[in-house]
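Each reported figure results from applying straightforward, stated rules to the coordinates on display, with no laboratory input. What you are looking at is a predicted structure, and each value in this text was computed from that prediction instead of being measured. Here the Cβ positions follow ideal geometry from the backbone for every residue, glycine too, while neighbour counts run over all protein chains shown.
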Amino acid sequence: MTDFNNYTPEYTTVWSFPERGNWATHNPKYRGNFAPQIARNIIEMYTKKGDSILDPMVGAGTTLIEAKLLARNALGMDINPEAVELTKNALRFKHHPPSEQKVKVGDARDLTFLKDNSFDLVLTHPPYMNIIKYSDGKIPADLSNISSLPKFCDEIEKIAKELLRVLKPDKYCAILIGETRKGKHMVPLAFNVMQRFLKVGFVLKEDIIKVQHHCTSTERWRAKAMRDKFYLIMHEHLFVFRKARAGEDLSRLKYSRLND
Ligand SMILES: C[S@@+](CC[C@H](N)C(=O)[O-])C[C@H]1O[C@@H](n2cnc3c(N)ncnc32)[C@H](O)[C@@H]1O
């Protein structure tokens, strides 16, 4: 339970984890889940014991498992009841010192049941449009049903607005998001998502490049990529945003935000 596979904290803006962490109940099976090292780094960097973390698109629970191991309280939500069950099961282990992790079915666009300024950190990982379909169209509110970039970003903006509201001032919101390719050209999904977070009022703190490993389709696509002159996408962006303090002088940060 405490073997962290030689985990060492990251200190640059390029993160690469060829060996995915497999400590505690982490399980790589949930499609598109992120490596425990991502959650561990972000939680250790931006919170302390007893703080409260929100992951409103929790999937199989990577963020909440790490929150428990690091004695942070956390709330996880997912639109898909199957993901919520997986997370509940993954949290069935004992850890000391104790902390509280709750998980429920819910839509990340509607956090009205949560108070303003109530979380010390948001860490989340939306679907990358419809690259992985999490509910095969059976759950209409599942963002992985959306194939249009502007429509997807409109929904992300609703989430960003809610996250800004529930995060405490001067605290951080980290989002892992990747790009995709259509018609042999890059679709700048991550940069569009970043713009929506800036639009609602967040300030950009970091753009961390996360190197991808073990992509099952890489070999299959290699010859086609060479023939059609495109490169296979092997990175994602981990954007870290900050919520400004009330009345904070942001003039020095004018290039890290969108002006009012
Ligand atoms: C990339 S996965 C998250 C994986 C997670 N980081 C992990 O490590 O297991 C994205 C999740 O977003 C969920 N989701 C999609 N639309 C949602 C919505 N409107 N509200 C909440 N969750 C949503 C999907 O069900 C899926 O589990």
What are the radius of gyration and Dmax of the range 14-256, computed over its Cα atoms and given in Å? 17.7, 55
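For the pair Met226 and Glu19, what calculated FRET efficiency results from E = 1/(1 + (r/R0)^6), where r is the Cβ-Cβ distance and R0 = 30 Å, to the nearest 0.05? Present the calculation step by step, with values, prior to reporting the outcome.
Details: r = 28 Å, r/R0 = 0.94.
Here the calculated transfer efficiency is 0.60.
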Give the cross-link partners of Lys229 among the lysines, using a straight C-alpha distance below 30 Å as the criterion and excluding same-chain residues fewer than 8 apart. Lys133, Lys151, Lys182, Lys184, Lys210
What's the FRET efficiency of Asn6 with Asp136 using the Cβ-Cβ distance as r and R₀ = 25 Å, to the nearest 0.05? 0.05
Place +1 on the Cβ of every Lys and Arg and -1 on the Cβ of every Asp and Glu in the chain, take the dipole about the Cα centre, and give the residue among Leu64, Met186, Gln101 whose Cα lies farthest towards its positive end. Met186
Mean-square fluctuation check for the chain, GNM, Cα pairs under 10 Å: which of Thr47, Thr124, Thr112 is largest? Thr112
Amide H neighbours of Gly21 under 5 Å, at least 5 residues apart or on other chains, H built in the peptide plane: list them. Gln37
Along the positive direction of the dipole of the chain (beta-carbon charges: Lys, Arg +1; Asp, Glu -1; about the Cα centre), which of Leu86, Phe239, Leu54 reaches farthest? Phe239
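Among the trypsin sites (Lys or Arg not before Pro) within the range 168-260, which fall in a DSSP loop and have no more than 14 other Cβ atoms within 10 Å of their own Cβ? Show your work: numbers first, answer last.
Values: sites: Lys171, Arg181, Lys182, Lys184, Arg196, Lys199, Lys205, Lys210, Arg220, Arg222, Lys224, Arg227, Lys229, Arg242, Lys243, Arg245, Arg252, Lys254, Arg257; in loops: Lys184, Lys229, Lys243, Arg245, Arg257.
Sites meeting the loop and neighbour criteria: Lys184, Lys229, Arg245.
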Full extension between Lys88 and Gln212 adds, at 0.36 nm per residue less the Cα distance, a length in nm of 41.9 nm
So if each residue of separation counts as 0.36 nm, and I subtract the Cα-Cα distance between Lys151 and Lys102, what length gain in nm does that give? 14.6 nm
Cα-centre dipole for the range 14-256 with unit charges at Cβ (Lys and Arg positive, Asp and Glu negative), debye to 20: 360
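Which values, in whole Å and largest first, are the semi-axes of the equivalent ellipsoid of the range 143-260 obtained as the square root of 5 times each eigenvalue of the Cα gyration tensor? Before the final figure, lay out each step's value.
Numbers: eigenvalues 205, 44, 32 Å².
Computed over the range 143-260, the values are 32, 15, 13 Å.
For the range 27-117, take the convex hull of the Cα atoms, compute a quarter of its surface area, and give me that in nm², please. Numbers along the way, then the final one.
On the way: hull surface 23.4 nm².
If you wrap the Cα atoms of the range 27-117 in a convex hull and average its projections, you get 5.8 nm².
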Report, for the chain, the % of DSSP beta bridges that are antiparallel, rounded to 5. 50
Simple spin-label estimate for Thr112/Ala71, 7 Å along Cα→Cβ, in nm, reads 3.8
Of Met226, Met57, Met45, which has the largest mean-square fluctuation in a 10 Å C-alpha GNM of the chain? Met226
